[in-house]
Amino acid sequence: MTKRLLFPIILSFALCLSAGAQEPTLRFHPDGSFKIVQLTDMHLAYYNEECSTFSDGAFKRMSYVVRKEKPDLIMLTGDIVTTPPASSVWQRLLDSLAVYGVPYCVCLGNHDAEADLSRSQIADEVLKGKLTLNKRNAAGELADVSFPILSSKGGTPAFEIYNMDSHDYSKVDGISGYGWFSEEQVEWFRSSEKASRERSSGKAVPGLVFFHIPTPEYVFLGHKGTVGYVGRKAEDVCPQAINTGLCAAMVQSGSILGAFCGHDHDNDYILPFQNLALGYGRFSGSDTIYNNLVPGARVIVLKEGEREFRTWIREWTGRKVDDVKIKDGKFVQ
(Lines give C-alpha, C1' and ligand atoms only; values in the text may rest on other atoms or scores of the structure.)
Protein backbone atom coordinates (compact mmCIF):
# COMPACT_ATOMS: atom_id res chain seq x y z
CA MET A 1 0.00 0.00 0.00
CA THR A 2 1.38 3.40 -0.95
CA LYS A 3 1.80 6.23 1.53
CA ARG A 4 -0.70 8.26 -0.48
CA LEU A 5 -3.50 5.77 0.18
CA LEU A 6 -2.39 4.96 3.73
CA PHE A 7 -2.81 8.50 5.04
CA PRO A 8 -6.52 8.83 4.15
CA ILE A 9 -7.22 5.40 5.70
CA ILE A 10 -5.61 6.49 8.97
CA LEU A 11 -7.66 9.67 8.73
CA SER A 12 -10.89 7.70 8.37
CA PHE A 13 -10.18 5.69 11.54
CA ALA A 14 -9.48 8.90 13.42
CA LEU A 15 -12.80 10.29 12.27
CA CYS A 16 -14.62 7.18 13.46
CA LEU A 17 -13.15 7.60 16.94
CA SER A 18 -13.92 11.28 17.25
CA ALA A 19 -17.10 12.47 18.92
CA GLY A 20 -19.37 14.17 16.42
CA ALA A 21 -17.68 13.22 13.16
CA GLN A 22 -15.94 16.10 11.44
CA GLU A 23 -15.75 16.31 7.69
CA PRO A 24 -12.42 15.28 6.17
CA THR A 25 -9.82 17.94 5.47
CA LEU A 26 -8.57 18.22 1.90
CA ARG A 27 -5.07 19.56 1.27
CA PHE A 28 -2.64 19.91 -1.62
CA HIS A 29 0.41 17.65 -1.49
CA PRO A 30 3.86 19.16 -0.84
CA ASP A 31 4.52 18.95 -4.60
CA GLY A 32 1.46 21.17 -5.20
CA SER A 33 -0.72 18.43 -6.70
CA PHE A 34 -4.23 17.27 -5.84
CA LYS A 35 -6.04 14.52 -7.75
CA ILE A 36 -9.79 14.03 -8.27
CA VAL A 37 -11.51 10.99 -9.78
CA GLN A 38 -15.01 11.55 -11.16
CA LEU A 39 -17.28 8.49 -11.28
CA THR A 40 -20.60 8.96 -13.07
CA ASP A 41 -23.68 7.03 -14.19
CA MET A 42 -22.74 3.73 -12.58
CA HIS A 43 -26.40 2.57 -12.74
CA LEU A 44 -25.79 -0.16 -10.19
CA ALA A 45 -28.66 -2.65 -10.45
CA TYR A 46 -29.31 -5.95 -8.67
CA TYR A 47 -32.83 -6.87 -9.76
CA ASN A 48 -31.81 -10.01 -11.68
CA GLU A 49 -28.81 -12.32 -12.00
CA GLU A 50 -27.46 -10.78 -15.20
CA CYS A 51 -27.54 -7.20 -13.90
CA SER A 52 -26.05 -8.35 -10.60
CA THR A 53 -23.08 -9.81 -12.48
CA PHE A 54 -22.64 -6.59 -14.45
CA SER A 55 -22.83 -4.48 -11.29
CA ASP A 56 -20.32 -6.70 -9.48
CA GLY A 57 -18.01 -6.03 -12.40
CA ALA A 58 -18.54 -2.28 -12.06
CA PHE A 59 -17.51 -2.46 -8.40
CA LYS A 60 -14.35 -4.36 -9.33
CA ARG A 61 -13.45 -1.86 -12.04
CA MET A 62 -14.14 1.06 -9.68
CA SER A 63 -11.68 -0.51 -7.26
CA TYR A 64 -9.12 -0.83 -10.05
CA VAL A 65 -9.28 2.82 -11.11
CA VAL A 66 -9.19 4.16 -7.53
CA ARG A 67 -6.16 2.03 -6.66
CA LYS A 68 -4.50 2.85 -9.98
CA GLU A 69 -4.97 6.63 -9.77
CA LYS A 70 -4.76 7.07 -5.95
CA PRO A 71 -7.05 10.12 -5.84
CA ASP A 72 -7.35 12.60 -2.99
CA LEU A 73 -11.09 13.09 -3.67
CA ILE A 74 -13.82 11.10 -5.42
CA MET A 75 -16.78 12.93 -6.98
CA LEU A 76 -19.83 10.79 -7.82
CA THR A 77 -21.99 12.71 -10.26
CA GLY A 78 -25.34 10.97 -10.28
CA ASP A 79 -27.35 7.98 -11.49
CA ILE A 80 -25.44 5.77 -9.11
CA VAL A 81 -27.92 3.24 -7.63
CA THR A 82 -30.95 3.04 -9.89
CA THR A 83 -32.94 -0.10 -8.95
CA PRO A 84 -34.01 -1.89 -5.75
CA PRO A 85 -32.74 -2.90 -3.26
CA ALA A 86 -31.17 0.57 -3.18
CA SER A 87 -30.36 0.71 0.55
CA SER A 88 -28.11 -2.36 0.52
CA VAL A 89 -26.39 -1.27 -2.69
CA TRP A 90 -25.70 2.21 -1.30
CA GLN A 91 -24.28 0.54 1.81
CA ARG A 92 -22.01 -1.65 -0.30
CA LEU A 93 -20.81 1.41 -2.20
CA LEU A 94 -20.10 3.34 1.01
CA ASP A 95 -18.29 0.32 2.47
CA SER A 96 -16.10 0.21 -0.65
CA LEU A 97 -15.31 3.92 -0.40
CA ALA A 98 -14.41 3.47 3.28
CA VAL A 99 -11.88 0.78 2.32
CA TYR A 100 -10.22 3.14 -0.16
CA GLY A 101 -10.00 5.77 2.57
CA VAL A 102 -10.66 8.61 0.11
CA PRO A 103 -13.06 11.48 0.92
CA TYR A 104 -15.99 11.71 -1.49
CA CYS A 105 -19.01 13.80 -2.41
CA VAL A 106 -22.23 12.69 -4.09
CA CYS A 107 -24.72 14.54 -6.25
CA LEU A 108 -27.84 12.74 -7.41
CA GLY A 109 -28.98 12.18 -10.99
CA ASN A 110 -32.42 11.94 -12.51
CA HIS A 111 -32.66 8.15 -11.96
CA ASP A 112 -31.42 7.73 -8.37
CA ALA A 113 -34.83 8.30 -6.74
CA GLU A 114 -36.59 5.96 -9.18
CA ALA A 115 -35.60 2.90 -7.15
CA ASP A 116 -37.15 2.26 -3.72
CA LEU A 117 -35.64 5.21 -1.83
CA SER A 118 -36.71 8.85 -1.91
CA ARG A 119 -34.13 11.59 -2.29
CA SER A 120 -34.25 12.25 1.46
CA GLN A 121 -33.83 8.53 2.19
CA ILE A 122 -30.82 8.44 -0.14
CA ALA A 123 -29.41 11.35 1.87
CA ASP A 124 -29.83 9.21 5.00
CA GLU A 125 -27.71 6.50 3.39
CA VAL A 126 -25.01 8.81 2.01
CA LEU A 127 -24.60 10.68 5.29
CA LYS A 128 -23.80 7.44 7.11
CA GLY A 129 -20.40 7.52 5.43
CA LYS A 130 -17.51 8.70 7.60
CA LEU A 131 -15.61 10.27 4.71
CA THR A 132 -18.51 12.02 3.01
CA LEU A 133 -18.33 15.74 2.33
CA ASN A 134 -22.09 15.90 1.81
CA LYS A 135 -24.54 17.74 4.03
CA ARG A 136 -28.33 17.80 4.36
CA ASN A 137 -30.51 20.73 3.27
CA ALA A 138 -33.73 22.02 4.84
CA ALA A 139 -35.79 19.58 2.74
CA GLY A 140 -33.81 16.64 4.13
CA GLU A 141 -32.07 15.98 0.81
CA LEU A 142 -28.42 16.31 -0.17
CA ALA A 143 -27.52 19.99 -0.11
CA ASP A 144 -25.49 21.99 -2.56
CA VAL A 145 -22.09 22.21 -0.89
CA SER A 146 -18.75 23.91 -1.35
CA PHE A 147 -15.56 22.93 0.41
CA PRO A 148 -11.96 24.10 0.24
CA ILE A 149 -8.73 22.36 -0.62
CA LEU A 150 -6.16 23.84 1.72
CA SER A 151 -2.70 25.00 0.77
CA SER A 152 0.17 22.55 1.18
CA LYS A 153 1.91 25.20 3.26
CA GLY A 154 -0.79 25.91 5.86
CA GLY A 155 -4.48 26.33 6.56
CA THR A 156 -5.29 28.84 3.83
CA PRO A 157 -7.91 27.71 1.25
CA ALA A 158 -6.14 27.39 -2.10
CA PHE A 159 -8.97 25.88 -4.18
CA GLU A 160 -12.75 25.45 -3.92
CA ILE A 161 -15.00 22.56 -5.00
CA TYR A 162 -18.70 23.17 -5.63
CA ASN A 163 -21.13 20.23 -5.78
CA MET A 164 -24.65 21.05 -7.01
CA ASP A 165 -27.97 19.26 -7.51
CA SER A 166 -29.36 19.55 -11.04
CA HIS A 167 -32.53 17.67 -9.91
CA ASP A 168 -34.36 15.17 -12.12
CA TYR A 169 -37.32 16.25 -14.28
CA SER A 170 -39.35 19.37 -14.89
CA LYS A 171 -42.02 20.02 -12.26
CA VAL A 172 -43.53 22.92 -14.21
CA ASP A 173 -46.74 22.36 -16.19
CA GLY A 174 -46.20 22.85 -19.90
CA ILE A 175 -42.42 22.36 -19.72
CA SER A 176 -41.09 18.89 -20.43
CA GLY A 177 -37.57 17.58 -20.08
CA TYR A 178 -34.92 17.37 -17.42
CA GLY A 179 -34.54 19.38 -14.23
CA TRP A 180 -32.52 22.56 -13.82
CA PHE A 181 -30.84 24.72 -11.22
CA SER A 182 -33.24 27.04 -9.42
CA GLU A 183 -32.55 30.76 -9.26
CA GLU A 184 -31.91 30.26 -5.54
CA GLN A 185 -29.17 27.78 -6.37
CA VAL A 186 -27.49 30.20 -8.74
CA GLU A 187 -27.62 32.84 -6.00
CA TRP A 188 -26.18 30.26 -3.56
CA PHE A 189 -23.27 29.73 -5.95
CA ARG A 190 -22.67 33.47 -6.25
CA SER A 191 -22.79 33.91 -2.47
CA SER A 192 -20.51 30.91 -1.85
CA GLU A 193 -17.98 32.11 -4.39
CA LYS A 194 -18.06 35.59 -2.85
CA ALA A 195 -17.52 34.12 0.64
CA SER A 196 -14.57 32.10 -0.66
CA ARG A 197 -13.09 35.25 -2.16
CA GLU A 198 -13.55 37.18 1.10
CA ARG A 199 -11.74 34.44 3.04
CA SER A 200 -8.85 34.95 0.64
CA SER A 201 -8.52 38.71 1.19
CA GLY A 202 -10.56 39.54 -1.88
CA LYS A 203 -8.64 37.35 -4.32
CA ALA A 204 -10.49 34.91 -6.58
CA VAL A 205 -10.03 31.34 -5.36
CA PRO A 206 -9.91 28.93 -8.32
CA GLY A 207 -12.56 26.23 -8.33
CA LEU A 208 -14.42 23.45 -10.11
CA VAL A 209 -18.16 22.75 -10.20
CA PHE A 210 -19.73 19.25 -10.38
CA PHE A 211 -23.34 18.27 -11.19
CA HIS A 212 -25.27 15.62 -13.14
CA ILE A 213 -27.33 17.11 -15.99
CA PRO A 214 -25.43 19.31 -18.46
CA THR A 215 -26.39 22.96 -18.74
CA PRO A 216 -27.80 24.20 -22.09
CA GLU A 217 -24.36 25.60 -23.01
CA TYR A 218 -23.21 22.04 -23.67
CA VAL A 219 -25.75 21.83 -26.51
CA PHE A 220 -24.61 25.04 -28.18
CA LEU A 221 -20.94 24.19 -28.08
CA GLY A 222 -21.43 20.53 -28.85
CA HIS A 223 -23.01 21.43 -32.18
CA LYS A 224 -20.73 24.31 -33.10
CA GLY A 225 -18.23 22.89 -35.54
CA THR A 226 -15.73 25.70 -35.12
CA VAL A 227 -15.18 24.93 -31.45
CA GLY A 228 -12.51 22.32 -30.81
CA TYR A 229 -13.01 19.73 -28.11
CA VAL A 230 -11.19 16.66 -26.84
CA GLY A 231 -13.02 13.38 -26.37
CA ARG A 232 -16.13 11.85 -27.87
CA LYS A 233 -19.53 13.32 -28.68
CA ALA A 234 -21.44 10.22 -29.71
CA GLU A 235 -25.01 11.20 -28.78
CA ASP A 236 -27.18 14.28 -28.62
CA VAL A 237 -26.78 16.35 -25.48
CA CYS A 238 -29.79 16.00 -23.14
CA PRO A 239 -29.55 19.23 -21.14
CA GLN A 240 -31.49 20.96 -18.41
CA ALA A 241 -34.79 22.22 -19.83
CA ILE A 242 -34.36 25.78 -18.50
CA ASN A 243 -31.23 27.92 -18.42
CA THR A 244 -31.19 29.84 -15.14
CA GLY A 245 -27.70 31.19 -15.59
CA LEU A 246 -25.28 29.04 -13.60
CA CYS A 247 -22.79 28.92 -16.45
CA ALA A 248 -22.95 32.71 -16.82
CA ALA A 249 -22.39 33.06 -13.07
CA MET A 250 -19.34 30.79 -13.28
CA VAL A 251 -17.85 32.86 -16.10
CA GLN A 252 -18.63 36.16 -14.38
CA SER A 253 -17.06 35.01 -11.13
CA GLY A 254 -13.64 34.81 -12.73
CA SER A 255 -12.75 31.98 -10.36
CA ILE A 256 -14.12 28.79 -11.90
CA LEU A 257 -11.72 26.80 -14.08
CA GLY A 258 -14.20 24.15 -15.23
CA ALA A 259 -17.45 22.29 -14.72
CA PHE A 260 -18.04 18.53 -15.02
CA CYS A 261 -21.28 16.58 -15.44
CA GLY A 262 -22.51 13.12 -16.39
CA HIS A 263 -25.95 12.05 -17.71
CA ASP A 264 -25.14 11.42 -21.40
CA HIS A 265 -23.43 8.02 -21.41
CA ASP A 266 -21.86 8.30 -24.85
CA ASN A 267 -20.39 11.77 -24.39
CA ASP A 268 -17.11 12.33 -22.57
CA TYR A 269 -15.72 15.43 -24.23
CA ILE A 270 -14.23 18.55 -22.68
CA LEU A 271 -14.30 21.90 -24.46
CA PRO A 272 -13.44 25.56 -23.88
CA PHE A 273 -16.14 28.09 -23.02
CA GLN A 274 -15.12 31.70 -22.37
CA ASN A 275 -12.50 31.49 -19.57
CA LEU A 276 -13.45 28.02 -18.32
CA ALA A 277 -13.90 24.47 -19.60
CA LEU A 278 -17.10 22.42 -19.77
CA GLY A 279 -16.59 18.67 -19.54
CA TYR A 280 -18.25 15.31 -19.11
CA GLY A 281 -17.04 12.42 -17.01
CA ARG A 282 -16.70 8.98 -18.58
CA PHE A 283 -19.54 6.49 -18.09
CA SER A 284 -18.46 4.41 -15.07
CA GLY A 285 -21.01 1.58 -15.06
CA SER A 286 -21.58 -1.62 -16.99
CA ASP A 287 -24.25 -3.18 -19.22
CA THR A 288 -27.15 -2.49 -16.84
CA ILE A 289 -27.91 0.52 -19.07
CA TYR A 290 -27.05 1.74 -22.58
CA ASN A 291 -23.41 2.58 -23.27
CA ASN A 292 -21.06 2.48 -26.25
CA LEU A 293 -17.81 3.73 -24.71
CA VAL A 294 -15.35 1.64 -22.74
CA PRO A 295 -16.37 2.38 -19.12
CA GLY A 296 -13.93 4.37 -17.05
CA ALA A 297 -13.50 7.55 -15.04
CA ARG A 298 -12.34 11.11 -15.53
CA VAL A 299 -9.19 12.08 -13.64
CA ILE A 300 -8.41 15.71 -12.83
CA VAL A 301 -5.09 16.90 -11.39
CA LEU A 302 -4.96 20.39 -9.89
CA LYS A 303 -1.83 22.48 -9.42
CA GLU A 304 -1.66 24.69 -6.36
CA GLY A 305 -1.35 28.39 -7.10
CA GLU A 306 -2.10 28.00 -10.82
CA ARG A 307 -5.27 28.57 -12.87
CA GLU A 308 -4.82 25.28 -14.64
CA PHE A 309 -5.47 21.57 -14.40
CA ARG A 310 -4.59 18.41 -16.29
CA THR A 311 -7.27 15.85 -17.08
CA TRP A 312 -7.58 12.46 -18.76
CA ILE A 313 -9.82 9.43 -19.00
CA ARG A 314 -8.72 6.21 -17.31
CA GLU A 315 -10.52 3.28 -18.93
CA TRP A 316 -11.25 0.07 -17.06
CA THR A 317 -8.91 -1.69 -19.52
CA GLY A 318 -6.04 0.35 -18.08
CA ARG A 319 -5.67 2.61 -21.10
CA LYS A 320 -5.18 6.34 -20.48
CA VAL A 321 -6.73 8.56 -23.16
CA ASP A 322 -7.40 12.25 -23.87
CA ASP A 323 -4.65 13.61 -21.61
CA VAL A 324 -4.88 17.41 -21.88
CA LYS A 325 -3.82 20.46 -19.93
CA ILE A 326 -6.23 23.39 -19.58
CA LYS A 327 -5.22 26.86 -18.47
CA ASP A 328 -7.73 29.73 -18.22
CA GLY A 329 -10.23 27.72 -20.25
CA LYS A 330 -7.87 26.94 -23.11
CA PHE A 331 -6.02 23.81 -24.15
CA VAL A 332 -2.26 24.26 -23.73
CA GLN A 333 0.77 22.02 -24.20
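Details
- Selection count, segment 285-313, where residues are in contact (Cβ under 8 Å) with a residue 60 or more places away in the chain, in a strand (DSSP E or B) and buried (at least 21 other Cβ atoms within 10 Å of the Cβ): 8
- Residue within segment 35-49 that is out of contact with any helix residue (DSSP H, G or I) (no Cβ under 9 Å at 6 or more places or on another chain), assigned to a loop (DSSP other than H, G, I, E, B) and modelled with pLDDT of 95 or more present: yes
- Of the residues in segment 2-15, not one is assigned to a loop (DSSP other than H, G, I, E, B) and either at pLDDT 95 or above or in contact with a Pro (Cβ under 8 Å, 6 or more places away or on another chain) (or both).
- For segment 272-280, the criterion of being crowded, with 22+ Cβ neighbours inside 10 Å, in contact with a Pro (Cβ under 9 Å, 6 or more places away or on another chain) and outside any loop (DSSP other than H, G, I, E, B) is met by at least one residue.
- Matching residues, segment 198-212, being surrounded by fewer than 24 Cβ atoms within 10 Å (Cβ to Cβ), more than 19 Å from Gly329 (Cβ to Cβ) and not hydroxyl-bearing (Ser, Thr, Tyr): Glu198, Arg199, Gly202
- Among (1) modelled with pLDDT of 95 or more; (2) among the hydroxyl-bearing types (Ser, Thr, Tyr); (3) surrounded by 17 or more Cβ atoms within 10 Å (Cβ to Cβ); (4) outside any loop (DSSP other than H, G, I, E, B), the one test that Thr215 misses: (4)
- Qualifying residue in segment 50-64 (condition: outside any helix (DSSP H, G or I), at pLDDT below 95 and small (Gly, Ala, Ser)): no
- Residue within segment 81-102 that is touching a residue at least 60 places away in the same chain (Cβ under 8 Å), out of contact with any Ser or Thr (no Cβ under 6 Å at 6 or more places or on another chain), assigned to a strand (DSSP E or B) and closer than 16 Å to Ile36 by Cβ present: no
- Of the candidates Ser96, Ser88, the single residue that is within 23 Å of Pro295 (Cβ to Cβ), surrounded by fewer than 16 Cβ atoms within 10 Å (Cβ to Cβ) and in contact with a helix residue (DSSP H, G or I) (Cβ under 7 Å, 6 or more places away or on another chain) is Ser96.
- Among (1) closer than 29 Å to Lys203 by Cβ; (2) over 19 Å from the mean Cα position of the chain (by Cα); (3) not hydrophobic (A, V, I, L, M, F, W, C) - the single one Asp287 does not satisfy: (1)
- Within segment 218-251, being in a helix (DSSP H, G or I), surrounded by fewer than 20 Cβ atoms within 10 Å (Cβ to Cβ) and modelled with pLDDT of 95 or more holds for Ala248, Ala249, Val251.
- Of all residues in segment 196-222, those that are polar (S, T, N, Q) have Cβ atoms under 9 Å from Cβ atoms of residues that are part of a helix (DSSP H, G or I), 6 or more apart or on another chain, in Thr215/Leu246; Thr215/Cys247.
- Filter result (among the small types (Gly, Ala, Ser) and in a loop (DSSP other than H, G, I, E, B)) within segment 103-132: Gly109, Ala115, Ser118, Gly129
The values are calculated or read from the model by the stated rules, or taken from the named source; none is laboratory data. All of these numbers come straight from a predicted model, not from anything done at the bench. Glycine also receives a Cβ, built like all others from the backbone with ideal geometry; neighbour counts cover every protein chain displayed.
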